Amino acid sequence: MLFFLGACLYPKFEHSRRRWYAKQRFLITMGLLIIACIVGVTLGCVLGTKAANKMSGGNDSNIQWAGNNWAKSCDFPGNDMSNVQISGEDCGGKCAQTPNCTHFTWTRYLGGTCWLKSGEVSKKDAIETSDPSMVCGLMEIYSSVLWNGNNWALSCDFPGNDMSNVQISGEDCGGLCANTSNCTHFTWTTYLNGTCWLKSGPVSKNDAILTTDLTMVCGVV
């Protein structure tokens with residue numbers, strides 16, 4: 001009788017209830033782990049996308065481009081042609097005067113170094129740096145000749161019709177043509193450190209062709 005009463009203190013349904021609670025606790029724990037994994041993967045994808053955009057100069061980049069296609073705290077990695085020790089203010093001009101130079105980076109290395117670079121790039125190829133003194137920029141490439149008010153332009157040529165040529169600076173080429181009989185147009189190149197090609201014959205601005213040499217000058221008189 002006493003054995004029977006003692007057995008009633010621990011009925012069998014208590015074991016089933018304990019197993020049910022253990023199962024529920026396990027399911028809740030696994031559910032929380034799955035939710036944590038989903039949140040972690042989602043957060044990692046978002047942060048990874050932002051980091052990739054930042055490195056590629058994408059929409060999330062903090063590079064602030066100036067009107068002349070240059071910016072601070074940025075770099076164009078690789079594609080170096082050469083480098084020269086000059087001030088940051090002169091780096092873009094040096095690139096413009098160097099054949100095949102399409103973009104550049106300036107750093108404080110050796111007191112100031114301009115890294116001249118070649119190849120097709122866009123602003124999206126620039127990467128942001130932590131050095132506020134660094135400068136990067138690119139040359140503007142146009143699809144047609146852009147004429148100035150004085151009837152001359154950069155990166156263009158008038159093929160043929162050469163009269164003569166002389167080694168002078170680009171700034172003096174137009175004046176020499178104006179003072180030379182029968183000279184109606186001209187082209188200046190960096191050939192032999194600067195050559196003015198005097199040309200004759202009827203031409204118009206529409207006859208000029210666009211070149212990939214950013215240092216070339218052509219004009220009419």
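Within the stretch 152-191, track down each residue that is in a loop (DSSP other than H, G, I, E, B) and either free of Cβ contacts under 8 Å to residues at least 12 places away in the same chain or more than 16 Å from Gly201 (Cβ to Cβ) (or both). Working first, answer last.
Looking only at the stretch 152-191, we keep the residues that are in a loop (DSSP other than H, G, I, E, B), and these are 155, 158-161, 167-169, 179-184, 190.
Residues satisfying the conditions are Ser155, Gln167, Ile168, Ser169, Asn179, Ser181, Thr190.
Can you find even one residue in the stretch 201-217 that is part of a strand (DSSP E or B), of a type in the set (Asp, Glu) and over 32 Å from the mean Cα position of the chain (by Cα)? Give the steps one after another, and end with the answer.
First, the residues of the stretch 201-217 that are part of a strand (DSSP E or B): 209-210, 217.
The next check asks that each one be of a type in the set (Asp, Glu); those that pass are none.
No, the conditions are met nowhere in the stretch 201-217.
When the stretch 78-93 is examined, which residues are found to be over 13 Å from Cys136 (Cα atoms) and either touching a Leu at 6+ places or on another chain (Cβ under 6 Å) or assigned to a helix (DSSP H, G or I) (or both)?
Passing the criteria: Met81, Ser82, Gln85.
Please find, within the stretch 77-132, the residue that is farthest from Thr211 (Cα to Cα) out of those that are basic (Lys, Arg) and surrounded by fewer than 21 Cβ atoms within 10 Å (Cβ to Cβ). Break it down stepwise before answering.
Within the stretch 77-132, the first condition is being basic (Lys, Arg), and the residues that meet it are 94, 108, 117, 123-124.
Narrowing the set further to residues that are surrounded by fewer than 21 Cβ atoms within 10 Å (Cβ to Cβ) leaves 94, 108, 123-124.
Details: Lys94: 18, Arg108: 33, Lys123: 22, Lys124: 24 Å.
Among those that are basic (Lys, Arg) and surrounded by fewer than 21 Cβ atoms within 10 Å (Cβ to Cβ), it is Arg108.
So Asn161 passes all but one of these: (1) on the phi < 0 side of the Ramachandran plot; (2) surrounded by 13 or more Cβ atoms within 10 Å (Cβ to Cβ); (3) in contact with a strand residue (DSSP E or B) (Cβ under 6 Å, 6 or more places away or on another chain). Which condition number does it fail?
Looking at each condition in turn, Asn161 falls short on (1).
What is the residue count in the stretch 112-151 for residues that are of a type in the set (S, T, N, Q) and either part of a strand (DSSP E or B) or under 14 Å from Ser73 (Cα atoms) (or both)? Give the steps one after another, and end with the answer.
Pass one, the stretch 112-151, residues of a type in the set (S, T, N, Q): 113, 118, 122, 129-130, 133, 143-144, 148, 150-151.
Applying the additional criterion that residues be either part of a strand (DSSP E or B) or under 14 Å from Ser73 (Cα atoms) (or both) yields 113, 129-130, 133.
Residues that pass the stated criteria total 4.
Just to be sure I understand, how many residues within the stretch 170-188 are modelled with pLDDT of 95 or more and either in the same structural domain as Cys101 (by TED's automatic domain parsing) or closer than 21 Å to Asn100 by Cβ (or both)?
2
Is it the case that Gly93 is out of contact with any strand residue (DSSP E or B) (no Cβ under 8 Å at 6 or more places or on another chain) and without any contact (Cβ under 8 Å) to a residue 12 or more places away in the chain?
It is true that Gly93 is out of contact with any strand residue (DSSP E or B) (no Cβ under 8 Å at 6 or more places or on another chain) and without any contact (Cβ under 8 Å) to a residue 12 or more places away in the chain.
With respect to the numbered conditions (1) modelled with pLDDT of 95 or more; (2) surrounded by fewer than 20 Cβ atoms within 10 Å (Cβ to Cβ), which one is the sole condition not fulfilled by Cys218?
(2)
The values are calculated or read from the model by the stated rules, or taken from the named source; none is laboratory data. Computed from a prediction, not measured in an experiment: that's the story for all the values here. No Cβ is skipped: glycine too gets one built from the backbone with ideal geometry, and neighbour counts run over all protein chains shown.
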